[in-house]
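Reviewing the structure listed below.
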Amino acid sequence: MGFQICELGICICLCVSMFSFTLVQGSIIGVAAERLQGAVLIDETAAIGEIDDDFICATLDWWPPEKCDYGTCSWGHASLLNLDLGNNHLLNAIKAFSPLKLRLGGTLQDKVIYESRDLRQPCKQFINSSSEMFGFTQGCLPMQRWDELNSFFKKSGAVVIFGLNALAGRNVQLDGSAAGAWDPSNAESLIRYTVENDYTIHGWELGNELSGNGVGARVTADQYASDLIYLHNIVEDIYKNKESKPLILAPGGFFDAGWFREFINKTPNALDVVTHHIYNLGPGVDEHLIEKILDPSYLDGEANTFRSLQNILKSSPTSAVAWVGEAGGAYNSGRNHVTNAFVFSFWYLDQLGMAASYDTKTYCRQTLVGGNYGLLNTVTFVPNPDYYSALLWQRLMGRKVLSTTFSGTKKIRAYAHCAKQSQGITLLLINLNGNTTVEAKIAFNGTHTYTLHHKNRSGSKRVSFHHHFGNAEAGREEYHLTAKDGNLQSQIMLLNGKILTLDLAGGIPALEPVKVDSLEPITVAPFSITFAHIPYIVLPACKQ
């Protein structure tokens, strides 16, 4: 059965067919079915945000193999201190992004010292100790390892942001407050060594999760602002003879409106990037992670953070922009077969789309490798599903962000950008429903209407769109992502029905689209993700 609704110049049929799917323990099983049509509404007049060309970012952390959560030790040799830099899978995975931003840091960065001529203590590695904050003693970055890392970054084309130890010189009190000013001497030695050796660092970030209530320790906004200005002055001095200077980033913590507002207002000329962290799904041990991921209302909750930070930046004297500096969804290393499985691409891509729509410039995923939320497998460096989701975003979603909504069902998450390196637009449609196939048409809210006519079985059909058409005869390109065997907890992703796997040389596979007639609706299968590149729709927002 079915019925028609007409709005926005498009007639939409809502139809019910014979088959459907139900999620049972992460797998899809066939039951009864529903098939409906809906509309993607895009504001064609102006972009609502503009992301960095290298919007996609991933983190590398300091955790040793002894880092364990809930009885599981998931980090292996993924630390900056022991990562296998000679692994070809790792190299190819980074190079494929051309480039990939890498944020080096994490919980232990505020316990890392840097080997230097001025260092008056041995350069020792982290040792597991339950009496220490975060469960480990102080660690050290040897300069030989820093040399090796920079050689690898240059070879891979990575764009590097380094997180500095912001607890140096402070005393952490029993209540978690960190007393005293930051001691920048060791950080300054590292920065000078880096410049002397012509290593390229895109940005220096001060501290990790010390804002607001902090994690393990906290620093007041006023003191943090003073420390940040000190870092800015150091960088200005060391890079004074360089053509370009690195970015200054902070605070790399969880958003606290009052703290962030004070900090931003007190650093108007020193701060380039405001970084915040996201773990909105709760602890990795939570058995309801998948339910949260598939709940559109739950996903919508994080918009408050993006909106609040955007408003603070707009109302302050700063020129700083917002980044998500670290986001793993579920804290304490994530959850195996959830945060490293197909289902997590629903959360991840929704986060990318949402962040971009609030003018976030870069989004750093925790992690590239390490824990249970890596883009790559911790042992083999073979890509997990989210790696391919990120790579498709990087290649298809352009800088300009378009205001986008979806009518027909709340289970479709819809985002649109001007296309990357080509004309037209790219849509991202995420179907959180395992019972419904959605056929999506596109509508626009501009002032000009262009009409197409085509024949169907009942005769001539008139379809009106508010946009300018280029050469629609060439059709569009679609990329449909699904889980192997319909199992949402699978770590194998299919693109247009074909398994994505490395080639024999360890190279990243080609991500080939399917060509679709321009007059056909975009079909999004149950529990699937679709990118649609539509080159023949040229919007005023994309010409500006």
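The values are calculated or read from the model by the stated rules, or taken from the named source; none is laboratory data. These numbers were taken from a predicted model, which means no experiment stands behind them. Note that each Cβ is placed from the backbone with ideal geometry, even for glycine, and that neighbours are counted across all protein chains shown. To get the accessible areas, we keep the full protein, side chains included, count just its heavy atoms, and leave off ligands, DNA and RNA. Shrake-Rupley method; radii C 1.70, N 1.55, O 1.52, S 1.80 Å.
Here are a few things to note about the model shown:
- Across the stretch 194-243, the number of residues qualifying as open to solvent by 20 Å² or more (accessible area, probe 1.4 Å), among the aliphatic types (A, V, I, L, M) and assigned to a loop (DSSP other than H, G, I, E, B) comes to 1.
- Close pairs from the stretch 415-444: first under 25 Å from ILE290 (Cβ atoms) and among the aromatic types (Phe, Trp, Tyr), partner open to solvent by 10 Å² or more (accessible area, probe 1.4 Å) and part of a strand (DSSP E or B), Cβ under 9 Å, at least 6 apart: TYR415/THR404
- Conditions (1) closer than 24 Å to ALA46 by Cα; (2) open to solvent by 20 Å² or more (accessible area, probe 1.4 Å); number of the one not met by ASP350: (2)
- Filter pass, VAL172 being under 25 Å from PRO268 (Cβ atoms), open to solvent by less than 70 Å² (accessible area, probe 1.4 Å) and β-branched (Val, Ile, Thr): no
- Test: residue in the stretch 282-292 that is out of contact with any Asp or Glu (no Cβ under 6 Å at 6 or more places or on another chain), open to solvent by less than 20 Å² (accessible area, probe 1.4 Å) and farther than 18 Å from GLN491 by Cβ: yes
- Residue within the stretch 107-118 that is free of Cβ contacts under 8 Å to residues at least 40 places away in the same chain and closer than 26 Å to TYR193 by Cβ present: yes
- Index of the failed condition, TYR298 passing every other in (1) touching a strand residue (DSSP E or B) at 6+ places or on another chain (Cβ under 9 Å); (2) open to solvent by 20 Å² or more (accessible area, probe 1.4 Å): (1)
- Residue satisfying all of: in the stretch 315-329; of a type in the set (A, V, I, L, M, F, W, C) and in contact with a Lys or Arg (Cβ under 9 Å, 6 or more places away or on another chain); most open to solvent (accessible area, probe 1.4 Å) among these: VAL321
- Tally, over the stretch 483-499, of residues that are under 19 Å from ILE293 (Cβ atoms), open to solvent by 40 Å² or more (accessible area, probe 1.4 Å) and part of a strand (DSSP E or B): 1
- Segments classed as strands (runs of 3 or more DSSP E), wholly inside the stretch 376-464, with at least 3 members that are modelled with pLDDT of 95 or more and open to solvent by less than 50 Å² (accessible area, probe 1.4 Å): 397-402, 404-407, 412-419, 425-431, 436-444
- Total residues in the stretch 316-334 satisfying the condition of being among the hydrophobic types (A, V, I, L, M, F, W, C) and not in a strand (DSSP E or B): the figure is 1.
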